[in-house]
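In what follows, a single structure is set out as structure tokens and then discussed.
Values quoted throughout were computed directly from the atomic coordinates according to the rules given, and no laboratory measurement underlies them. Nothing here was measured: the structure is a model prediction, and the numbers come from that model. Every residue, glycine as well, gets a Cβ built from its backbone with ideal geometry; the counts of neighbours run over all protein chains shown.
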């Protein structure tokens, strides 16, 4: 069975961005050491439009071959005129308000999100599934998440968009590893206790 991994950036107090979801304050921690780690360990999480100008098109998918993102995350790319932000992956966008996909590489999931995710997880072979943001999407898929990769930056937002936009539904994960960086960032990996 393929794993659904929530790969997310957050502040020390667990916010993925301000109230509107803007997490650009975290970008200042993208130094050489940290960027080299992302290129080596999670190359497919770098959006296609960022890979090309940096000459990183040669990077092969290492952990994921599919991405699922929420409407709000996807709309950030659309505002920049990018209709397929992860063209190097099979792309899905969970949305009840986007009627038709603006790109043939992007499939809109408008109904039975959990059923679709379970079907993707049950596929034979392939790599894992990258859950790319969306506080509400992560909350909706909490029961399906097998792994957390949390990039924590040394910032305190005080308020904002939480990692999981859902009511209290306690789930337990096991810590697999922690990697610290000179810029103060931590990358923690957890596996779901089932």
(request) Evaluate the relative contact order of the chain (contact order divided by residue number), counting alpha-carbon pairs under 8 angstrom at least 6 apart; express in whole percent. (result) 33 percent
(request) At q = 0.12, 0.19, 0.24 Å⁻¹, what is the base-10 log of I(q)/I(0) for segment 83-194 according to the Debye formula with one equal point scatterer per Cα and no solvent? Please give it to two decimals. (result) -0.54, -1.25, -1.49
(message) With the crude spin-label approximation of a point 7 Å out along Cα→Cβ, what separation in nm comes out for residue 171 versus residue 32?
(response) 3.9 nm
(message) For a quick size check, give me the Cα extents of segment 4-192 along its three principal axes, largest first, whole Å.
(response) 43, 42, 34
(message) Just want to confirm a number: the relative contact order over segment 81-166, from Cα pairs under 8 angstrom separated by 6+ residues, in percent.
(response) 22 percent
(message) Quick check: the distance between the Cα centres of segment 87-127 and segment 174-194, to the nearest angstrom?
(response) 27 Å
(request) Using a Förster distance of 25 angstrom, determine the FRET efficiency expected from the C-beta separation of residue 122 and residue 83, and round it to 0.05. (result) 0.30
